[in-house]
Every structure is written in C-alpha cells, then in structure tokens.
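The values are calculated or read from the model by the stated rules, or taken from the named source; none is laboratory data. Because the structure is predicted, anything quoted here is derived from the model rather than measured. Here the Cβ is made from the backbone with ideal geometry for all residues, glycine too, and neighbour counts use every protein chain on show. The area values use the complete protein model at the heavy-atom level, side chains included, leaving out ligands, DNA and RNA. Shrake-Rupley method; radii C 1.70, N 1.55, O 1.52, S 1.80 Å.
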Amino acid sequence: MIRYAVRLVLAGGVALALTLTGLVSTGAHAASGAPSGERAASCAKEKKQVKTAKKAVKKSNAKVKKAKKAKRNADSVQQRQAADKKLKKAKKQQAKAKKKLTRAQAKLKKCRAGGDGGGGGGGGGGGGTDGPLQPACDAGLPQAICDAFETLPIPTGGGDSPIQALCDAGLPQAICDAATLPPGAGGTSPIQALCDAGLPQDICDQANPGGGGGGGEIPDPGGVLDPVCDLGLPLPICDVPDNGGGGDDGGGGGGGNIPGLPDPCDLVPLPICSTGRA
C-alpha cells in the first residue's frame, strides 16, 4: 500500500513537471516571436516604398520601350532627333527608378533583419524627418535635402515667395515658404542649404533676388524644374512632352498621367493638383 502511494506521488510530480516545462516553453516562444511580429508591422512603410518603386520601374521600362519604338518608326531627321532625345531621357529615368528600387529593397531588408528600417540605404541619408518637406523625400526627393531643410529657420509666413511660380508648377510649397526667409550670410540665398544638399542651384539663385535671382520673374518654370524631375521626384510637369504636343503619349496636351504611373498628386500634395483634377 505504501509502495503504491509512493508511485502515485512520483507519477503526479512527473506530470506536474512536464506541464510546467510546456508552459515555460510556450511562453518563451511567444516572447521570442513578439519582436518579429512587431518588426513585420513596423516595416509597413518600407513595404509601401518598395511597392511604389516597383511601379516606377515598370512605368520607366514601358517608357523606354515606347521611346525605342518611336525612334524605329521615325521618318524624318527631325522626328529621329526628337525620338532620340526622349529615349535618352527615358533611359535616365529608368536608371534612377531602378536605383531607387534597390535602395527601397535594402531598407526593407534591414527592417526585417531588426534594424529601424529608416536608416540610410544608399544615398538617402538619415531616417526621415517630421518636417513639411518630408513627404516629397518619401516620394523620391533625396533625403539629404529634407535633412538640410530642418536646419533652416522656421518661415514667418510674411511676404510673397520669389519662387512661388515654381511651386504653382509643382515644387513642394515648403521650399517656396522657406524662400521668404532673409538672405543668409554674405547675401546668399535663404535656401542655399537645400542646394548644397542636392537641390538644383538654379532654384536657390531664383530665390535670391538681391543676388541676381529672378525675384518672381520666372518665364520658364518647367525649365527650372526639369532637373528636379531627374532627381526622382514625380512632379506633374515631368511628363509634359518636350515638343509641347501629343507626341508618342497620345492625346494632345501632354502632362496627363501615363498608364501605370502612380498619380503624383497621391504622393505629394501639390498646388497644381487642386486645379488639374475634375
């Protein structure tokens, strides 16, 4: 009887030990899985950037293919020259789109590996800011420009911007607002830090009337903004055909969205968006 009781107690002890071991193992597994789930959730921004970059690459590939076809079908010398110019521009945009996709994929990989996901993959610089210009950098403008923007004084909002015509044509309004600041040391452009970080110098020169800039008289905003398109920011003006007509894009006026291209107005809130939509 005593031997039976001892065996019963031992069996109960073993069962209890096995139960406790299972609970500890389950808890440890759940704890180890939590950071992974959190990382997956925190990588939503990086996944969206990769998705957008893939669409941009697909769109640029289509434009290169279309430009090649137009060049093959060109009859006159003038048509061939125009087609060749479009092909070169399309290839340049294609290279930038592929480079941006590579950077986005690297950021996503870093995020999934446990990094913060917002680090500088490629030439993008830091992990982003909370400033008013950051949506433009999320959409393709080099991150270094947004980082430089954060070093500028906060605009008071007084006075007309000397480069407002550029923002009316698609340049982010935050840049035009910053251009209302007083000139820098030695009479330099109030937004010179942005151009030192990669923004086309012509924009900073136009923002500095005292230093020989336009002072609001900008007869060709598209010509000034064309280099911004080359930086990777999808402005509506970037898709306007060079010859001003329908070109290969069909339909007459140019500047409309090309099939497969994300609507730039969905990426960056631009002044031109409010008038360009029905």
Heavy atoms of the protein only, probe of 1.4 Å, neighbouring chains included. What is the accessible area of Lys51 in Å², nearest 10? 130 Å²
Could you give the nm distance between label points at Glu150 and Lys91, where each point is 7 Å from its Cα heading toward the beta carbon? 3.8 nm
Students sometimes get this wrong: rank Asp130, Asp220, Asp84 by accessible area, probe 1.4 Å, all chains present, largest first. Asp130, Asp220, Asp84
Area of Arg112 that stays accessible when all protein chains are in place (1.4 Å probe, Å², to 10): 140 Å²
Heads up, I need the accessible area for Ile218: 1.4 angstrom probe, whole protein in place, Å², nearest 10. 20 Å²
Out of the total accessible area of the range 79-118 (probe 1.4 Å, heavy atoms of protein only), what percent is carbon and sulfur? 52 percent
